[in-house]
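Only one structure is covered here, and it is reproduced in the block below.
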Amino acid sequence: MDEAGATFLSYFISFSLAFLVLTLLFKSLGTLRTKNGSVRPPPTPPSLPIIGHLHLVGSVVPKSFQVLARQYGPLIQLHLGASTCVVVSNAQVAKEVMKTHDLNFCNRPQFGSANNFLYKGSSFVTVPYGPYWRFIKKLCVTQLLSTTQLGRFRHIREQEIHKLLKSLAECSSEGRDTDLSRELTGLTNNILCRMAMSTTCLDNVDAEDILGLVREFMHLGAKLSMGEVLGPLGKFDLFGYGKKLARVVGKFDRVLERILEEHEVENSERGDMMDILLRVHKDPNAEMRLKRNDIKAFFLDIFLAGTDTSSTASQWAMAEIMNNPGVLRKVRAEIDAVVGSSRLVTESDLPDLRYLQAVVKEVLRLHPTAPFALRQSAEDCTINGYGIKGQTRTLINVYAIMRDPEAWVNPEEFIPERFLEDSDGMKGGAEGITTMNGGDFRYLPFGSGRRGCPGSSLALTVIQVTVASLIQCFEWKTKGGERVCLEEGSSFSTGLAKPLVCYPVTRFTPF
Ligand code: HEM
């Protein structure tokens, strides 16, 4: 063979070998199988003995997981002490979990707190997918949180907003500051308590008690869930959080029992959520027998799921608007154009306040007040090419998904305009995000699929009308004209790290 032939042959052999090696490599990567043939688990960062990845988790948990996802991919496995979970951090993998495999991921993880829980098996939020969950979900959609029911209680929201505006007007006339975080939590709690069982902070101590107990429950529940990292040791309740939690639920139960009895004695026709649930409870022909504990558990659920989340979102909205004078001007100009200057903005105006809607959407994108959708797989399955075992705790990091630079232009910036028609603030367009029901997996503030949030319409209505009223009626000043600190706190609903203390200055008085 001449020299040219030998060179050609050696090139041919080298190329063939390289091709073979690459083909085998891609094949093994494609199926992600281990030697024994099972599909590989998702990638996991290097861990330490016993604590696993706990040292990688900072005070703002979704942010820590976002950082890890950037390094290790959109589906990772984490070992938090003795507790293992997988974390989903982009839209495509979220879609696989919440749509393609929706039924398989329709359960929620159970934490230590569930074991000796008074309402065990009754909590709509944590109960496994099945007949009871379907029954309550249907009640939510058709009655408890239906459009008709929300419409029936519009006057409650209007009255509570009026009360808030009056108290802020007093602050203004006296030149006092106000803790808007506290005021907004009071507002959402009062609205929910009145819609649920016709009780409020001002008329009745019950609503204040309920808020306090729900707060304590959240605090202890979070601590108890941390006990999960101790594995089987967590069951011994070493720090006594389990017992404290049981006491808090006991107190909540007594308050609720009394309100239930009052409703029964009055045989009331107010049509609040408690009346509806009592009617179902007593209906011999109801699809399912609803127990008293089921009713009380439902209220604990909605206070836990609905109060802080809605209040915190309103706080973020006000904080972002105060820091962005251009946005404030646009929101106000829109309200003035749609509403005029002689009456207070109402819920009927909301469909015409397109820019306000975009502001609230952007607030929920940048500051989702439920940063994780928590799910659990029922059976083994393959997600993003990796094997997920049955009973795997699965955290969909909606915080990371809604800040993903692959989906969003300048994702860390507050740009409400990205949600307006013809905007280019979202890669691939924002048209999908009109209903807020999780149909577009790049935008999931309320989760998606069967276990998506049933309170989203109520939450959006309250947040939008509250923010609109506050902007229409007051100028907002901070001490020394400083920018509001946008640091994120470490609470369950990723609120502002510091309370939003500011000065309202009356601009328009509606009463
Ligand atoms: C800004 C306010 C709110 C946010 C950001 C929010 C967000 C969420 C998210 C992300 C989930 C999990 C969804 C999933 O797994 O796909 C959820 C579930 C839930 N939310 Fe909301 N929510 C809010 C307000 C409310 C309100 C006002 C209520 C009730 C009055 C409520 C009741 C519930 C319930 C009962 C569930 C559990 C549903 C189930 O397990 O089937 N939420 N919410």
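The values are calculated or read from the model by the stated rules, or taken from the named source; none is laboratory data. Predicted, not measured: the structure shown is a model, and the values here were computed from it. Methodologically, a virtual Cβ is constructed for each residue, glycine included, from the backbone with ideal geometry; neighbour enumeration extends over all protein chains shown. Side chains included, ligands, DNA and RNA excluded: accessible areas come from the protein's heavy atoms. Shrake-Rupley method; radii C 1.70, N 1.55, O 1.52, S 1.80 Å.
In the set (1) in contact (Cβ under 8 Å) with a residue 60 or more places away in the chain; (2) open to solvent by 20 Å² or more (accessible area, probe 1.4 Å), the condition left unmet by Val345 is number (2).
Exactly one residue out of Glu269, Glu287 is away from the ligand (no atom under 16 Å from the Cβ), open to solvent by 70 Å² or more (accessible area, probe 1.4 Å), in contact with an Asp or Glu (Cβ under 8 Å, 6 or more places away or on another chain) and over 27 Å from Ser83 (Cβ atoms), and it is Glu269. Checked against the criterion of being more than 19 Å from Leu213 (Cβ to Cβ) and either of a type in the set (Val, Ile, Thr) or touching a strand residue (DSSP E or B) at 6+ places or on another chain (Cβ under 7 Å) (or both), segment 271-286 contains one or more residues that satisfy it. For segment 475-511, the set of residues classified as closer than 27 Å to Gln159 by Cβ, open to solvent by less than 70 Å² (accessible area, probe 1.4 Å) and free of Cβ contacts under 8 Å to residues at least 60 places away in the same chain consists of Glu475 only. A single entry from Lys235, Lys296, Lys243, Lys282 fulfils the requirement of being surrounded by 15 or more Cβ atoms within 10 Å (Cβ to Cβ) and among the basic types (Lys, Arg): Lys296.
For segment 22-69, which positions are among the β-branched types (Val, Ile, Thr) and at pLDDT below 90? Break it down into steps so the answer makes sense when it comes.
Taking segment 22-69 first, the residues among the β-branched types (Val, Ile, Thr) are 23, 31, 34, 39, 44, 50-51, 57, 60-61, 67.
Correct list: Thr23, Thr31, Thr34, Val39.
Restricting attention to segment 159-188, the residues being within 17 Å of Arg270 (Cα to Cα) and either touching a residue at least 60 places away in the same chain (Cβ under 8 Å) or β-branched (Val, Ile, Thr) (or both) number 0. Considered as a group, the residues in segment 386-405 that are of a type in the set (Lys, Arg) and open to solvent by 20 Å² or more (accessible area, probe 1.4 Å) include one that is farthest from Ala94 (Cα to Cα), and that residue is Lys389. Taking the criterion of being in a helix (DSSP H, G or I), open to solvent by 10 Å² or more (accessible area, probe 1.4 Å), charged (D, E, K, R) and touching a residue at least 24 places away in the same chain (Cβ under 8 Å), would at least one residue in segment 439-461 satisfy it? No, segment 439-461 has no match at all. Taking the listed residues Lys282, Lys244, Lys296, the one that is away from the ligand (no atom under 16 Å from the Cβ) and either within 28 Å of the chain's Cα centre (by Cα) or among the small types (Gly, Ala, Ser) (or both) is Lys244, with no other qualifying.
Of all residue pairs spaced 6 or more apart or on separate chains, those with beta-carbon atoms under 8 Å, a first member in segment 358-386 that is within 30 Å of Pro128 (Cβ to Cβ) and a second member that is more than 16 Å from the ligand (Cβ to nearest atom) and part of a helix (DSSP H, G or I) are Asn384/Gln92; Gly385/Gly30; Gly385/Thr31. Of the helices (runs of 4 or more DSSP H) contained entirely in segment 89-184, those carrying at least 1 residues that are among the small types (Gly, Ala, Ser) fall at 91-95, 147-152, 154-174. Scanning segment 136-160 for residues being open to solvent by 10 Å² or more (accessible area, probe 1.4 Å) and touching a Leu at 6+ places or on another chain (Cβ under 7 Å) gives a total of 2.
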